[in-house]
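Shown next, in structure tokens, is the structure this report addresses.
The values are calculated or read from the model by the stated rules, or taken from the named source; none is laboratory data. What you are looking at is a predicted structure, and each value in this text was computed from that prediction instead of being measured. Virtual Cβ from ideal backbone geometry, glycine too; neighbours counted across all protein chains shown.
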Amino acid sequence: MKRKKQTNFIINFLMFAFAFLFLFLAGRYMYIQVTGEVQDVSLTEWADAKRETSIPIKAERGIVYDKSGMLLAYNQPAYRLYAILDAEYSSNKPSPLHVVDPEDVAKKLSPHLAIDEKEIIQIIKNGQKAGRFQVEFGKAGKNLTQQQMEDIKALQIPGIHFAEEATRYYPNGVFASHVIGFAQQSEDNGLLEGVIGIEREKNKLLTGEDGFIQYERDKYDKKLLQSRDVVQDPENGHDIYLTIDQKIQTVLEDVLSEVDEQYEPERITAVVMNPKTGEIVAIGNRPSFNPNEPNDVENWYNDVISTPFEPGSTSKIFTWAAAIDSGVYNGSELFNSGKYVVNEKIEPIHDHNKTGWGAISYDEGFRRSSNVAASKLVWEKMGTETFLEYLERFHLDQITEVDLPNEVAGKILYNWPSEKIRTSFGQGSTMTPLQQVKAASAIANGGKMIKPYVIDKIVDPNSDEIMFENEPTYVGEPISEDTAEQMLDLLESVVNSDDGTGKPYRLQSYTVAGKTGTAQIPDSAGNGYLAGENNNIFSFLGMAPKDDPQLIMHVSITRPKLKENESGSVPVSFIFNNVMENGLHYLNIEPDKEAKTGELKTVTMPSVEHMDVATAEKKMKDIGLRYTVVGKGKKIVATNVLDGDVIYPNKHVLLITDNLTMPDMTDWSKQDVLAFAHLVNIRVETTGSGYVVKQSIEKGKTIKEDAKLTVELESSLNKKKEKK
């Protein structure tokens, strides 16, 4: 009986438990049905989230332009090649979409990629063994051009496919490359990221923000008919306009390349600035690089702002300016040149010719670049503390704050009496070229010093709104207007007096005010300075026209291979004179002197557009211009030199006719090729440097609009070596 009661109890308990559980589950189910929530999670939202998917819309990286709107950096499509190995990808397809024959793939693919057949076969077979769906081919299969992609597609190789990616393209190659810099795809996220230059400095602004398309799908990943789509447009990166002037920069690049080939120096730096505004219109360095070939960068530093050096005699500009402005200078006062013994503890100071020029005035001492005169002005006239104050007023102890990355300030070495004296003539203390240009702008501006900059404006391409626009900023007044005028007179005398060191820097049409410099190079082993005639940094800091300077330029060349008895001023003046003469004419600056016989000769480009070819050719021949007629037409429709431009006779003028065909570009410079591409609206890719040796479009072929031209350039120096 007792056993029966126990059994009934258990049965009743279980029935009650199951009934309770049933009621609980039924209630919970009804609650979920009514509220649509499970533990504070909305099932509707959860289902929507499971159904929703999104496709990113990539933002376009911003474009970099020069001052006039010429393209300097922009995105263009590149292609990544991959091979699908999984046979299931080809199921129910009329033809195979996966790799069927690795040997056949390798044989057809190898001629189009920088990879041999054996390596292609190995990559494919290793992928097959590992059961991979697809494989790629490393660097050889990335960043392919559209032409390469189309050539490979035409082979119809089963299993070979392409993915389109953005890459950065620099149409002008070695052109202000240390300013522009370059961007590469990040291995982490695949986005383009700036590595150096403006591309790095303004990477965030250039990048923009991606958008997306969001839609609903079924379990087969098909879009639902009643999908609630959400579209978020991308915010493209901002466009940046630089102060770089294409014409002046092009002249600079050409002469730098010519001097680099002829003299093979360790380094060349050059910077051109408008002293009235602070706009940097040209910057060049050698070694330089082509930003389209980032793996071949030899020199990562923009030496104009990142490599301080002992400037030598160009720094005497600031020594004399300090002496005049502090009221201790008497230009007609005489001193004994050649050697200056301060005291027994300080090593004697010598002039560059050791013996000097006898008793001369301080004005003549400046023209002749006397170290003794500079030392006496600091030690005996104004005092070292006053001199230091002026160095600081000229901001020679700090960066210029130019809007470029990795700027480095020079160092004023001013601990011991000998250091203080030697700083007066540019030894010991260091400065960058741009620091000197900024400081010298005070002389060009009546005592007011301007801040340099390279970004003209930043524009939002999504709204065409100007987000930022630079403007001239005076950052100090280290000297008076009267001192500035006296310094311009002294600087002019360096160039235009018979006893001045700057005679090679005379221009045909403009009066130059400037100062030469020959700096010693410290021995890396710590044994003083390098010995030998050519172991110097030769430089010039000049401005023109003298009475109202519109351009100021600094050029320096390190250890050029000079001919016997050849002065370092020869290659430096070649750069300065070409850039300044052409640059001032291009800017329509009124010449302030008449041309003299025997000096640099220029000609004015005649008007030939819309003229018949024969008449245009006669005009070109009459004034001795070098030209090429492009095409088989009867009339000239465009030229690469504007009517009225003042140019040198060796300038290559392109005369484009109304029946355009491909010219023979052999021995054309890169500048010529780029000018041609711009005139006829085609895309161009260049490899190498120097002059054209190969072109992808044959001579005489009709040129289609937006065609792609590839040219191979080779240094004239290499050609000479091959002939030997």
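Among the residues of segment 309-324, is any assigned to a loop (DSSP other than H, G, I, E, B) and out of contact with any Gly (no Cβ under 7 Å at 6 or more places or on another chain)?
There is no residue in segment 309-324 that is assigned to a loop (DSSP other than H, G, I, E, B) and out of contact with any Gly (no Cβ under 7 Å at 6 or more places or on another chain).
Pairs are defined by a Cβ separation below 9 Å, a sequence spacing of at least 6 or placement on different chains, a first member in segment 562-580 that is closer than 12 Å to residue 503 by Cα, and a second member that is outside any helix (DSSP H, G or I) and charged (D, E, K, R); the pairs so defined are 570/563; 573/506; 577/506.
Residues of segment 128-170 that are assigned to a strand (DSSP E or B) and under 21 Å from residue 192 (Cβ atoms): 136, 144, 162, 163, 164, 165, 166, 167, 168, 169.
For residues in segment 250-302 being part of a loop (DSSP other than H, G, I, E, B) and among the small types (Gly, Ala, Ser), which is surrounded by the fewest Cβ atoms within 10 Å (Cβ to Cβ)?
From segment 250-302, those part of a loop (DSSP other than H, G, I, E, B) are 264-266, 274-278, 287-293, 297-302; that's our starting set.
Okay, now just the ones that are also among the small types (Gly, Ala, Ser), so 278, 288.
Numbers: 278: 26, 288: 23.
The selected residue is 288.
Residue by residue, here is whether (1) at negative phi; (2) not hydrophobic (A, V, I, L, M, F, W, C) holds:
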| site | (1), (2) |
| --- | --- |
| 286 | yes, yes |
| 302 | yes, yes |
| 323 | yes, no |
| 334 | yes, no |
| 347 | yes, yes |
| 356 | no, yes |
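Whether a residue is assigned to a helix (DSSP H, G or I), among the aromatic types (Phe, Trp, Tyr) and surrounded by fewer than 19 Cβ atoms within 10 Å (Cβ to Cβ) was assessed, and residue 89 passes this test. Of the residues examined, residue 465 is not one that is within 27 Å of residue 330 (Cβ to Cβ), assigned by TED's automatic domain parsing to the domain that holds residue 324, free of Cβ contacts under 8 Å to residues at least 12 places away in the same chain and out of contact with any Gly (no Cβ under 7 Å at 6 or more places or on another chain).
Those strands (runs of 3 or more DSSP E) of segment 456-525 in which 1 or more residues are at pLDDT 95 or above and among the aliphatic types (A, V, I, L, M) occupy 474-476, 513-520. Restricting segment 535-554 to residues that are among the polar types (S, T, N, Q) and part of a strand (DSSP E or B), the residue that is farthest from residue 443 (Cα to Cα) is 536.
So which residues in segment 64-86 are more than 24 Å from residue 128 (Cβ to Cβ) and surrounded by 14 or more Cβ atoms within 10 Å (Cβ to Cβ)? Walk me through how you get there before you give the answer.
Residues of segment 64-86 more than 24 Å from residue 128 (Cβ to Cβ): 64-78.
Once the filter is applied, which keeps residues that are more than 24 Å from residue 128 (Cβ to Cβ) and surrounded by 14 or more Cβ atoms within 10 Å (Cβ to Cβ), segment 64-86 yields 64, 65, 66, 67, 70, 71, 72, 73, 74, 75, 78.
For segment 661-677, name all the residues that are charged (D, E, K, R) and within 20 Å of the chain's Cα centre (by Cα). Once the filter is applied, which keeps residues that are charged (D, E, K, R) and within 20 Å of the chain's Cα centre (by Cα), segment 661-677 yields 670, 672.
Looking at segment 316-337, can you tell me whether even one residue there is more than 30 Å from residue 377 (Cα to Cα) and surrounded by fewer than 17 Cβ atoms within 10 Å (Cβ to Cβ)? Give the steps one after another, and end with the answer.
Of all residues in segment 316-337, those more than 30 Å from residue 377 (Cα to Cα) come to none.
No, segment 316-337 contains no residue that is more than 30 Å from residue 377 (Cα to Cα) and surrounded by fewer than 17 Cβ atoms within 10 Å (Cβ to Cβ).
I need the full set of residues from segment 317-345 which are without any contact (Cβ under 8 Å) to a residue 12 or more places away in the chain and acidic (Asp, Glu), in order please. Matches in segment 317-345: 344 only.
Counting just the residues of segment 460-484 that are charged (D, E, K, R) and surrounded by 15 or more Cβ atoms within 10 Å (Cβ to Cβ), which one comes out nearest to the chain's Cα centre (by Cα)? Explain how you work it out, then say what you get.
Residues of segment 460-484 charged (D, E, K, R): 460, 464-465, 469, 471, 477, 481-482.
Still in the running and surrounded by 15 or more Cβ atoms within 10 Å (Cβ to Cβ): 460, 477.
Working: 460: 22, 477: 31 Å.
Selected residue: 460.
Under the condition of being in contact with a strand residue (DSSP E or B) (Cβ under 7 Å, 6 or more places away or on another chain) and modelled with pLDDT under 80, which residue from segment 689-705 is nearest to residue 652 (Cα to Cα)? This residue is 691.
Number of residues in segment 339-391 that are surrounded by 14 or more Cβ atoms within 10 Å (Cβ to Cβ) and acidic (Asp, Glu) equals 4.
Could you tell me how many of the residues in segment 275-299 are hydrophobic (A, V, I, L, M, F, W, C), within 11 Å of the chain's Cα centre (by Cα) and modelled with pLDDT under 95?
Looking only at segment 275-299, we keep the residues that are hydrophobic (A, V, I, L, M, F, W, C), and these are 280-283, 289, 297.
Then keep just the ones that are within 11 Å of the chain's Cα centre (by Cα); that gives 282-283, 289.
This time we only want the ones that are modelled with pLDDT under 95, so: 289.
Counting residues in segment 275-299 that are hydrophobic (A, V, I, L, M, F, W, C), within 11 Å of the chain's Cα centre (by Cα) and modelled with pLDDT under 95 gives 1.
The lone criterion from (1) at pLDDT below 95; (2) within 30 Å of residue 456 (Cα to Cα) left unmet by residue 416 is number (2).
Here's the yes/no breakdown for (1) exposed (fewer than 14 other Cβ atoms within 10 Å of the Cβ); (2) in the same structural domain as residue 504 (by TED's automatic domain parsing); (3) closer than 23 Å to residue 257 by Cα:
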residue: 549; (1), (2), (3): no, yes, no
residue: 570; (1), (2), (3): no, yes, yes
residue: 593; (1), (2), (3): no, no, no
residue: 627; (1), (2), (3): no, no, yes
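Only one entry of 500, 517 meets the criterion of being surrounded by 21 or more Cβ atoms within 10 Å (Cβ to Cβ), small (Gly, Ala, Ser) and more than 30 Å from the chain's Cα centre (by Cα), and that entry is 500.
Collect the residues in segment 146-194 that are among the aliphatic types (A, V, I, L, M), crowded, with 17+ Cβ neighbours inside 10 Å and closer than 30 Å to residue 692 by Cβ, keeping them in residue-number order. Show your work before the answer.
Narrowing segment 146-194 to residues among the aliphatic types (A, V, I, L, M): 149, 152, 154-155, 157, 160, 163, 166, 174, 176, 179-180, 183, 191-192.
Filter once more, so that each one left must be crowded, with 17+ Cβ neighbours inside 10 Å: 149, 152, 157, 160, 166, 174, 176, 179-180, 183, 192.
Scanning segment 146-194 gives 149, 152, 166, 174, 176, 179, 180, 183, 192.
Scanning segment 99-127 for residues that are charged (D, E, K, R), in a loop (DSSP other than H, G, I, E, B) and under 21 Å from residue 86 (Cβ atoms) turns up just one, 101.
Out of all the residues in segment 438-455, which are of a type outside the set (A, V, I, L, M), part of a loop (DSSP other than H, G, I, E, B) and in contact (Cβ under 8 Å) with a residue 40 or more places away in the chain? If the condition is that a residue be of a type outside the set (A, V, I, L, M), part of a loop (DSSP other than H, G, I, E, B) and in contact (Cβ under 8 Å) with a residue 40 or more places away in the chain, then 445, 451, 452 are the ones that fit. Screening residue 258 with (1) modelled with pLDDT of 95 or more; (2) out of contact with any Gly (no Cβ under 6 Å at 6 or more places or on another chain) gives one miss only, at (1).
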